[in-house]
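Enquirer: Dropping a structure here in structure tokens format, bear with me for questions.
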Amino acid sequence: MVSRRAYDFSAIGVRRAPLLVVIGSDAEAGERGRGGFRMAGNSDIHQLIPKTVPFDQLNLGRQFLKAHDRPDPERYDCVLNLVTDPDQHPRTLERLRKLLRPYHGRVINRPEAVLRTSRDQVARRLAGIDGLRVPRVLRLRNPRPGGASAAVARAGLPFPLIARLAGTHTGQIIGLVEGAGPLDAACAGPGEFILTEFVDFASEDGLYRKYRLWSFGGRAILKQAIVSDRWNIHNSDRARVMRDRPDLIAEEQRLLERPEGAFPEPIHAMFRQVQQRMGLDFFGMDFGIDKSGQAVLFEANATMSFLVAAADPRFDYLDQAVGPASDAFARMLLPDRLATSPAVVQLPQGG
């Protein structure tokens, strides 16, 4: 259950390990081919932990709950919570909340804050920010036949709507539904469904652009700006659409010249307001920019991937975001103790 690195803590002048890293899953974690466990809904930013930082790892997944070597959080200066999806792992987040109740140290992304970051809650929290259009979101739990269209009519949501199951990411949707009949068919059966107002964010050239800004301890880092010929943008669209378009590659490179993104000032001002409202120490935000220059929210949470590798060498410039992100992450993690080395380390996903 606990994965400990072989460090002599007395040699670095501390009486306890500085960092406890928490992962976990409500479901059974799948075994990885080379050892450890695969768990969706856990952040990948553990790879930004500097090599100089010793840590212990705690897995709160249900198959590890009976382990007897669970560490006491009070032994640590800081707890880093990597359980990031409130829809996939609410029970794990609640276990962590109870575990940390008597803890007096620093917690990065408190479980209470993560539990308030489902798509519908974030849409309500970010509504009204200057320069940001937040599509309305409706959550349905186990709708009866015809219940989805009735709920949409009561809420006054216009078609088309994006339908997805709660807790899904990476562009996974049920579909874009155009009317009451298709909506009720899409939301048939048990489950929790998320219905999102569709906003056309195509640029003047007819292409769609998705920007991913991250916040680490209040510092903004632009990770990527993907251009696609369709609104539901995937990472694979980079190779499919951008690879043979040097103009689109140059456009992304120009944006990445500044770590926070070379955006117009209204976009930076908008994101500062988002940072203030989210209540998280680290999170990412995906958004587009419509023809009027207004940002359009796609999602904001701590679950989205940060370290996404691009196999094509034409996109090697994406790695330049890792250095500033590593520095911001280290400063956020243990500001009084860490040397802000940009070195990164792989954290085994198991216990």
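Enquirer: Could you grab me the full set of residues in segment 241-284 that are hydrophobic (A, V, I, L, M, F, W, C) and part of a helix (DSSP H, G or I)?
Expert: Hits for segment 241-284 are Val241, Met242, Leu248, Ile249, Ala250, Leu255, Ile267, Ala269, Met270, Phe271, Val274, Met278.
So that you can scan it fast, the table gives a plain yes or no per residue for (1) surrounded by fewer than 16 Cβ atoms within 10 Å (Cβ to Cβ); (2) at pLDDT below 90:
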position: Phe9; (1), (2): yes, yes
position: Ala17; (1), (2): no, yes
position: Val21; (1), (2): no, no
position: Gly30; (1), (2): yes, yes
position: Gly36; (1), (2): no, yes
position: Asp85; (1), (2): no, no
position: Arg101; (1), (2): yes, no
position: Thr117; (1), (2): no, no
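Enquirer: Quickly run through segment 223-271 and pick out the residues that are touching a residue at least 40 places away in the same chain (Cβ under 8 Å) and either polar (S, T, N, Q) or surrounded by fewer than 13 Cβ atoms within 10 Å (Cβ to Cβ) (or both).
Expert: Hits for segment 223-271 are Gln224, Asn232, Asn235, Gln253.
Enquirer: For segment 285-309, give me the residue count where each residue is part of a strand (DSSP E or B) and more than 15 Å from Ile267 (Cβ to Cβ).
Expert: Summing the residues that are part of a strand (DSSP E or B) and more than 15 Å from Ile267 (Cβ to Cβ) in segment 285-309 gives 2.
Enquirer: Further question: With respect to Glu192, is the statement that it is modelled with pLDDT of 95 or more and under 25 Å from Gln88 (Cβ atoms) true? Full working, then the answer.
Expert: Working: modelled with pLDDT of 95 or more: no; under 25 Å from Gln88 (Cβ atoms): yes.
No, not satisfied.
The rows are residues; the columns are (1) at positive phi; (2) at pLDDT 95 or above; (3) more than 23 Å from the chain's Cα centre (by Cα).
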| site | (1), (2), (3) |
| --- | --- |
| Asn142 | yes, no, yes |
| Ala163 | no, no, no |
| Tyr211 | no, yes, no |
| Ser215 | no, yes, no |
| Gly218 | yes, yes, no |
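Enquirer: Residues Gly146, Gly156: which one is loosely packed, with under 15 Cβ neighbours inside 10 Å and more than 24 Å from Arg125 (Cβ to Cβ)?
Expert: After applying the criteria, what remains is Gly146.
The values are calculated or read from the model by the stated rules, or taken from the named source; none is laboratory data. This is a predicted model, so every value here is computed, not measured. Cβ sites come from the backbone with ideal geometry, for glycine too, and all protein chains shown count toward neighbours.
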